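The structure appears right after this line, and notes come after that.
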Amino acid sequence: MTAADPVIPVGALAEPVERVGRGWTSALSLANGAIWVGWYGPLQILLASQAEDFAPGTGMSKETMLAWVTGAGAVVSLVANPLFGALSDRTTARRGRRTPWIVAGAAGGALSLLFLAGAGGVWTMTLGWCLVQLTLNAAFAAVTAAVPDRVPRLQRGSVGGWLGAAQILGVVGGTGLATVAGGTGGGYAACAVFTLVGVLPYVLHHSDLRLPLSARPPWSLRSFLTSFWLSPRRHPDLAWAWLTRFLINLSNALVLLYLLYYLRDRLLPHSRLRSSGGTPIVDPEQGVLILTAVNGVTLLATVVVGGVWSDRVGRRKPFVIWSGVLMAVATAALSGWQTWPGAIVAAAVLGVGFGVFTSVDFALMTDVLPKALDRGKDLGVINIANALPQVAAPALAAPIVTYLGGYRVLYLVAAVIGLAGAVLVGRIRGVD
């Protein structure tokens, strides 16, 4: 749909039947990738570097400081995603339900990243990261809700695959920008620019479906607040789908959270890959970028293929189950094979599994949504399963690494959690 296309008000709540084109999918995917650049440049490199700078003299280790900062941001994300999804559901703007929130969220995210670049201590660092989470979740809630608004069910696997590919490119791109842009300030500035520019093709060239005033329910604060509770008894498939996504994302978050520290403190100091001077041939920041790139390449090789394949066979659950099992095996390898080659192999296998999971799980989630009027809000509640692991992962990881056996135990626990998520997909009854 382009800016010249007519707007059909009833289409905002109708089940879509017309397939979307490549231009729409590409523009929405780029917007999604831009949001992930804004998230993962900080998460992979910049926040860890700032925590290392700010920790001395505070009484906290760099691991603990990073855990507190990312945990606080994740709490904001838990609230922001469903809140902005619900607000976009009720938006009757001329530009549609989703576009105003994509614009406001991306612009606010860019400004928040620039604020974070100037952080002078743990408190401004925490405030900046919370603002990044608040604003970028507004944009992300609107981007994801656009898919069930516009994409028919049997195309959602392939569209979810392209969104997943953009997500991974955003992770790799954010990590790359943070690494090569020239210090912490330059990394934040580069991520901010890309986040803002990346949403423009979708915003400028593709109009949104408008919600007529007559279709918007009357305002009631009580009903608005109570709408965020989705009863597992009334919607069991949605509840099981949420739990499986949470567990697999928690496993993945446990792997990623301390990756920089794992390379710096455990793996690279004991690596046999050393220069003639005795130092490791890969420094920790380069190691994070290499592993992220390897993971991204294998993920890109499967994310679209997995989504298209699930559309063609009309089934979702087998793809989610086996991708989760594969990810659990790769995570367990990080526990038992703690070498640089082992890390590369694990990153590659994780990419294969997470690629299929990303696209097919997204399609699975849209298939179990209860009502068209609440797509944004319900997806926001589902997306809590993406944000909550950022709170739970630091709470689990910090004591495990510090007191309960270190990284070997951490990655073994992550593998068990991911395997549980894969097995529980079988409890979803309403989707093949």
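The values are calculated or read from the model by the stated rules, or taken from the named source; none is laboratory data. Everything quoted here is computed from the prediction, not taken from an experiment. Here the Cβ is made from the backbone with ideal geometry for all residues, glycine too, and neighbour counts use every protein chain on show. Quick note on the areas: whole protein, heavy atoms, side chains included, nothing else; ligands and nucleic acids left out. Shrake-Rupley method; radii C 1.70, N 1.55, O 1.52, S 1.80 Å.
Quick rundown of the values:
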item	result
Residue within the stretch 330-344 that is open to solvent by 40 Å² or more (accessible area, probe 1.4 Å), within 25 Å of Ser29 (Cβ to Cβ) and of a type in the set (Phe, Trp, Tyr) present	no
Where a residue in the stretch 295-311 is closer than 9 Å to Val360 by Cα and its partner, wherever it lies, is surrounded by fewer than 18 Cβ atoms within 10 Å (Cβ to Cβ) and of a type in the set (Lys, Arg), with Cβ under 8 Å and at least six apart	none
All positions within the stretch 95-109 that are modelled with pLDDT of 90 or more and open to solvent by 10 Å² or more (accessible area, probe 1.4 Å)	Pro100, Trp101, Val103, Ala104, Ala107, Gly108
Pairs with Cβ under 6 Å, 6+ apart, first in the stretch 326-337 and β-branched (Val, Ile, Thr), second open to solvent by less than 10 Å² (accessible area, probe 1.4 Å) and outside any helix (DSSP H, G or I)	none
The stretch 37-94 - residue that is among the acidic types (Asp, Glu) and surrounded by 18 or more Cβ atoms within 10 Å (Cβ to Cβ) and, of those, farthest from Leu396 (Cα to Cα)	Asp89
Given (1) in a helix (DSSP H, G or I); (2) touching a residue at least 24 places away in the same chain (Cβ under 8 Å); (3) open to solvent by 30 Å² or more (accessible area, probe 1.4 Å); (4) of a type in the set (D, E, K, R), number of the condition Arg315 does not satisfy	(1)
Among the residues listed as Gly170, Gly185, Gly174, the single one being assigned to a helix (DSSP H, G or I), surrounded by fewer than 24 Cβ atoms within 10 Å (Cβ to Cβ) and either more than 21 Å from the chain's Cα centre (by Cα) or at negative phi (or both)	Gly185
Filter result for the condition that a residue is in contact with a Gly (Cβ under 9 Å, 6 or more places away or on another chain) and not acidic (Asp, Glu), over Pro394, Pro389, Pro318, Pro370	Pro394
Selection from the stretch 197-227 of residues that are touching a residue at least 24 places away in the same chain (Cβ under 8 Å), part of a helix (DSSP H, G or I) and open to solvent by less than 70 Å² (accessible area, probe 1.4 Å)	Gly198, Pro201, Tyr202, Val203, Ala215, Phe224
